[in-house]
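Structure first, then comments.
The values are calculated or read from the model by the stated rules, or taken from the named source; none is laboratory data. This structure is a prediction, so every number in the text was calculated from the model and none was measured. Every residue, glycine as well, gets a Cβ built from its backbone with ideal geometry; the counts of neighbours run over all protein chains shown. Ligands, DNA and RNA are excluded from the accessible area calculation, which covers all protein heavy atoms including side chains. Shrake-Rupley method; radii C 1.70, N 1.55, O 1.52, S 1.80 Å.
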Amino acid sequence: MRISSERIEEVVVRAVFQDGLDELASKLNERELFTGKAQASYAMLDQEGHGTIYYGLGKESDLTPYQILKLFVQLAKLLDKLAIHRVHLELPEVIGKDEAQLSQAILGLQLAAYRFDTYKSKPKNKQTELEISLEVEAPIEETANLAAGVFTARDLVNRRPNDLYPASLAAHVRQLFANSQVEVEILEKPEIEALGMEAFLAVNQGSDHEPRFIVMKHLPKADEQPIALVGKGVTYDSGGYAIKPASSMKAMHSDMAGAAAVVGAMEAISSNQLPCNVIGVIAATENLIDGKAFKNGDIVGSMKGSTIEVNNTDAEGRLTLADALYYAATKLEPRAIVDLATLTGAAIAAVSGKCTAMIASDDSLAQAVLQASEAAAEPTQRLLAFPSHYEQIKGTYADLDNSPAGGGGCITAGVFLEHFTEELPWVHLDIAGPSYNGAGYDYLPKGASGTGVMTLYQWIKSQK
């Protein structure tokens, strides 16, 4: 998308509030042609396609970051449907003169351009680039870089498991940051074994694809403790010997959405040169079945030394994250850790498929991430852990149980992970619901959403 200050005369789009209609829009309203309600539109165009389009923003009092993103994604889609690609956009003053709201509107217009047709033999024609003139200065480069990070995350999640597996994910990350200031380190199986990551390696036992441990370092400041971002990187999850039904397995290429969010966030953070030390960590593996695969009932170790009863091989993500979190806590010495994972179906039951579930060990960190998620239009709900949840995860024959009975599965999965964070400030984001959609909704496309990228970016940006 291109934005200029030189006015485009052919088509003017007037975005107006339902309770702030101008004289002409009021007359259209009287004739029941245009109400100003959210996403309502009325085009007054001549035979050459020139003229004015009114676009409704709903009530000003209903305006939220989520609503703004939704409205402007849909506006871009409307313009594309009408085959209009050059417009002058008139915004209400409340949006045009508010940096955060203007950024959100521009980001929405950019996000609408996402397409994924990598595997189509005859891809559809690419959407024509939208050119917009504005009377206000817009943060086009920053929002474009953020949109690119979201698109990277979506692309990674949408790739299929015969194409994206641990080694190819690592290669993609290395290539993505080849000409950036992000330093990429990729550990292969011998190095992972030397670190004692027994839980991570147990999950990998049934796969012909060896694991990769990926570390991305954005360190613009010499003497600042970093923030660690840890993403679940299970590139395909069959459930192992606790095998999933076919209907549940078909989208399990998306089980690395947490890792994808970390990669996308690191891209946006680096491209926009945010002055904050950030390190991204991914333990990448498949969870498959063969004669070497780990089994329900196995007891495995971990990098920390804690032992784990594997009572469910389909609760594999927490095993990979256990070693990744402990590595981050002890090798990187961060001031805070945030992990993202498509971890539990229980999160969907608890907060719905359109919301991220949060477990946190630190109230101030939790509040900061919640504020970032609201600004990013990625709904997040914190769930509280109680002493009983910590009792639940205790093992009978080992230190920990990876799949305890008693309910509260989203919370017990979270406190299992907390065991490996070494009492550092930590937030866990379970993105099992919003990370991948069978059908798109609001501002999200069908398939991968890129959930987490915008929240992480907004939070890191607030750390300046």
P(r), alpha carbons of the range 242-314 - 5 Å bins starting at zero, rounded %: 3, 11, 15, 16, 16, 14, 10, 7, 5, 1
The range 41-130, relative contact order [Cα under 8 Å, separation at least 6], %: 29 percent
Cα pair distances of the range 307-368 binned at 10 Å [whole percent]: 16, 42, 36, 6
Amide H partners (placed H, <5 Å) of T380, local residues excluded: T356
Computed P(r) (all Cα pairs; the range 272-415; 10 Å bins; percent): 10, 35, 38, 14, 3
Under-5 Å amide H pairs with M44, H placed in peptide plane, nonlocal only: T52, I53, Y54
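Using a Förster distance of 41 Å, how high is the FRET efficiency between A246 and Q273, based on the Cβ-Cβ distance and rounded to 0.05?
For A246 and Q273, the calculated efficiency is 0.35.
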Whole-Hz ³J(HN,Hα) from phi, Karplus 6.51 cos²θ - 1.76 cosθ + 1.60, for the range 176-189, glycine and proline x: 4, 9, 4, 10, 10, 8, 7, 8, 10, 10, 10, 9, 9, 3
Computed lengthening from A439 to H85, 0.36 nm per intervening residue step minus Cα-Cα distance: 124.8 nm
Tilt relative to the chain, helix 65-81 - C-alpha long axis, 0 to 90 degrees, to 10: 60 degrees
Inverse of mean 1/r across different Cα pairs in the range 1-134, Kirkwood, Å: 15.4 Å
Of all accessible heavy-atom area on the chain, the percent that carbon and sulfur account for (1.4 Å): 46 percent
Heavy-atom accessible area order for E188, E90, E391, E423, largest first, 1.4 Å probe: E423, E391, E188, E90
Rg ratio (alpha-carbon, reference 2.2 N^0.38 Å) - the range 136-264: 1.20
Ordering of 200-210, 79-89 by packing [mean C-beta count within 10 Å, highest first]: 200-210, 79-89
0 to 90° range, to nearest 10: angle between helix 257-271 axis and the chain longest Cα axis: 60 degrees
Relative contact order (%) - criterion: Cα under 8 Å, at least six apart; region: the chain: 16 percent
Percentage, to the nearest whole number, of Cα pairs in the chain over 34 Å apart: 35 percent
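Could you do me a favour and compute the accessible area per residue for the range 174-241, 1.4 Å probe, result in Å²?
That works out to 45 Å² per residue.
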Accessible-area order (highest first, 1.4 angstrom probe) of the listed residues S462, S271: S462, S271
Calculated from backbone phi, Karplus (6.51, -1.76, 1.60) coupling profile of the range 294-299 in Hz, x at Gly/Pro: 5, 10, 4, x, 5, 10
Virtual spin-label span in nm between A178 and T396, 7 Å along Cα→Cβ: 5.3 nm
